[in-house]
Amino acid sequence: MTEKDFIFQSFPTKIDAGKITWKAPSNIALVKYWGKKPNQIPANPSVSFTLDACATTTTLSFLPLKESAKSFSFDLLFEGQSKKEFKPKIETFFARIEKYLPFLKSYHFTIETSNSFPHSSGIASSASGMAALALCLMGMEEQMNPNITANYFNQKASFLARLGSGSACRSIEGDLIQWGIDETIEGSSNIYAIKYPHSVHKNFKNYHDTILLVHKGQKEVSSTVGHNLMHGHPFAEQRFVQAHNHLRDLQTVFLNGDLDRFVEIVENEALSLHAMMMTSTPYFMLMKPSTLGIIQKIWQFRKASGSKVCFTLDAGANVHVLYPEKEKEDVYQFIKDELIAFCEKGQYICDRIGFGARKM
Ligand code: PMV
């Protein structure tokens, strides 16, 4: 599929007023996307676990306008309240996707959205939020053209979500998702994410992710700024090579279930991502003292117990603690005994690998 395949062949038939609701999950990258080319094309491929509990639910109500408007017409409600400050992001998103959904100026929209996780928990809602909105819009396209296949629906939803926020393209399906071209993964694409196409060892079934909320404030540096700092970064090219290598090594791990190697790759990826931040110009650091405290504790626990628990990080201070199903009691006890003390107000979220977005 190319970009052209997502453009309408003829202007779609108008549909009556209606309402569509989708719930889309967040995702956590194992191999990180950091650095991009124009039009949200990733500089390197990434692979992620789709989450389950952390999700955004969006209801899109649409009302046909008598005449197409000059600008996008919509209201936005976040957790029941009108949110003017979120509108520019949606405006930009609509402008980017209008070419692929030419009906956007023919309707008035009401977008009602809410998150399952606490507001300003430091958990990015852009992935789940953009995915949920893209799915609702695809719901409209499907009503206009009921012949589209489920595969096309998901690919185009991922394609559109990517134009809202890169990593959002990995929040449509589950449970293991790959985005970005790598020759060893057939069907991989830079413009939408796909389900990881090879077999996955049972060790990864029901993998757990307990998210420790270390710092709940606004991030000091947005991921958009961070991605841009990879242009001219002295280590960028090597980092992109490393991501490809990790992705290929993970393919072996997914096949044979080697959790020691899994831990090594995933933690290396998290620290490499933050190393890129700390060595860009200007440099910045999103980890907090508690982030490091948690990492130290995980390393000590692993050494003492032989556990396969590991951590990964997003572009923020919060820590994702990853562990296999068969260790869930021991690791959860360790988290409660030793890690919760590092969390702001003791807050954390128990999540696990999930199977993608759902129509409500
Ligand atoms: O989707 P963005 O532009 O917010 O970038 C996400 C970047 C990371 O979360 C740090 C890595 C990733 O692959 O999700």
Exercise for review: Determine the pairs where a residue that is farther than 15 Å from residue 168 by Cα and open to solvent by 10 Å² or more (accessible area, probe 1.4 Å), located within the stretch 29-44, has a partner that is within 11 Å of the ligand (Cβ to nearest atom) and not in a strand (DSSP E or B) with Cβ atoms under 6 Å apart, the partner being 6 or more residues away or on another chain.
Suggested key: 43/35
**Study point:** Enumeration of residues in the stretch 45-88 that are closer than 30 Å to residue 208 by Cβ, open to solvent by less than 20 Å² (accessible area, probe 1.4 Å) and either among the β-branched types (Val, Ile, Thr) or free of Cβ contacts under 8 Å to residues at least 60 places away in the same chain (or both)
**Key:** 47, 50, 56, 58, 78
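Please find, within the stretch 90-99, the residue that is nearest to residue 129 (Cα to Cα) out of those that are open to solvent by 10 Å² or more (accessible area, probe 1.4 Å) and in contact (Cβ under 8 Å) with a residue 60 or more places away in the chain.
The first filter runs over the stretch 90-99 and keeps only residues open to solvent by 10 Å² or more (accessible area, probe 1.4 Å), leaving 90-92, 95-96, 98-99.
Filter once more, keeping what is in contact (Cβ under 8 Å) with a residue 60 or more places away in the chain: 96, 99.
Values: 96: 16, 99: 21 Å.
That would be 96.
Quick check: is even one residue across the stretch 214-227 buried (at least 22 other Cβ atoms within 10 Å of the Cβ) and modelled with pLDDT under 95? I'd like the intermediate steps shown before the answer.
Within the stretch 214-227, the first condition is being buried (at least 22 other Cβ atoms within 10 Å of the Cβ), and the residues that meet it are 214.
Of the ones still in play, those that are also modelled with pLDDT under 95 are 214.
Yes, the stretch 214-227 contains a residue that is buried (at least 22 other Cβ atoms within 10 Å of the Cβ) and modelled with pLDDT under 95.
Output the number of residues of the stretch 245-257 satisfying the condition of being touching an Asp or Glu at 6+ places or on another chain (Cβ under 8 Å) and either basic (Lys, Arg) or open to solvent by 50 Å² or more (accessible area, probe 1.4 Å) (or both).
The initial filter retains those residues of the stretch 245-257 that are touching an Asp or Glu at 6+ places or on another chain (Cβ under 8 Å), namely 246-248, 252.
Add one more test, that the residue is either basic (Lys, Arg) or open to solvent by 50 Å² or more (accessible area, probe 1.4 Å) (or both), and what stays is 248, 252.
Qualifying residue count, the stretch 245-257: 2.
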Exercise for review: Identify all residues within the stretch 258-282 that are open to solvent by 50 Å² or more (accessible area, probe 1.4 Å), assigned to a loop (DSSP other than H, G, I, E, B) and within 16 Å of the ligand (Cβ to nearest atom); write none if there are none.
Suggested key: 279
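Inside the stretch 305-314, can you point out the residues that are open to solvent by less than 20 Å² (accessible area, probe 1.4 Å) and either part of a loop (DSSP other than H, G, I, E, B) or touching an Asp or Glu at 6+ places or on another chain (Cβ under 8 Å) (or both)?
Quick first cut of the stretch 305-314, residues open to solvent by less than 20 Å² (accessible area, probe 1.4 Å) only: 307, 309-313.
Passing the criteria: 307, 309, 310, 311, 312.
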Exercise for review: Among the residues of the stretch 315-357, write down those that are open to solvent by less than 20 Å² (accessible area, probe 1.4 Å) and either of a type in the set (D, E, K, R) or free of Cβ contacts under 8 Å to residues at least 24 places away in the same chain (or both).
Suggested key: 351
Check your understanding: Inside the stretch 262-286, can you point out the residues that are in contact with a strand residue (DSSP E or B) (Cβ under 6 Å, 6 or more places away or on another chain) and touching a residue at least 60 places away in the same chain (Cβ under 8 Å)?
Key -> 266, 269, 270
Practice item. Inspect the stretch 141-160 for any residue being within 20 Å of the chain's Cα centre (by Cα) and part of a loop (DSSP other than H, G, I, E, B) and give the result as yes or no. Key: no
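The values are calculated or read from the model by the stated rules, or taken from the named source; none is laboratory data. Since we're looking at a predicted model, the values are computed, not measured. FYI the Cβ positions are ideal-geometry reconstructions off the backbone, even for glycines, and counts take in every protein chain you see. Heads up: the accessible areas ignore ligands, DNA and RNA and are worked out on the full protein's heavy atoms, side chains in. Shrake-Rupley method; radii C 1.70, N 1.55, O 1.52, S 1.80 Å.
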